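Notes follow the structure.
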Amino acid sequence: MTLNTLEKLANVLNIEIYEIFQFSSIKTNEEMYNFILEKLSLIKNDDTKLKLLYNLVMDLI
């Protein structure tokens, strides 16, 4: 993953890049899943950000 990709991901999720690497604050799968859903709800009506995140997820999976 490039810095550019990390910056885009952080921007889409409306978080700082360092938060991507804060594993200690999120411990369980349920917490991680809920965090992702919470962030997704912030961009569900933003076509540009949603498409960008969709492409990032497709690249990762």
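Bear in mind these aren't lab numbers, they're just calculated from the coordinates by the rules spelled out. This structure is a prediction, so every number in the text was calculated from the model and none was measured. For neighbour counting, all protein chains shown are included, and Cβ atoms are generated from backbone atoms with ideal geometry for every residue, glycine included.
General remarks:
- Among (1) 46, 14, 14; (2) 34, 27, 17; (3) 30, 25, 22, the entry derived from the coordinates for Cα extents along the principal axes in Å: (3)
- By the helix-only formula, in which each DSSP H run with n ≥ 4 contributes -39500 (n - 2.57) and the sum is divided by residues, the chain has a 222 nm mean residue ellipticity of -22000 deg cm²/dmol.
- Relative contact order [Cα under 8 Å, 6+ residues apart], region 3-60, whole percent: 41 percent
- As a calculated quantity, the FRET efficiency between Ile61 and Lys27 at R0 = 22 Å, using C-beta atoms, amounts to about 0.45.
- A Förster radius of 22 Å combined with the Cβ-Cβ distance from Lys44 to Glu19 puts the calculated FRET efficiency at roughly 0.65.
- Within a straight-line Cα-Cα reach of under 20 Å, Lys51 can be paired with the following aspartates and glutamates, leaving aside sequence neighbours fewer than 8 residues apart in one chain: Glu7, Glu16, Glu38, Asp59.
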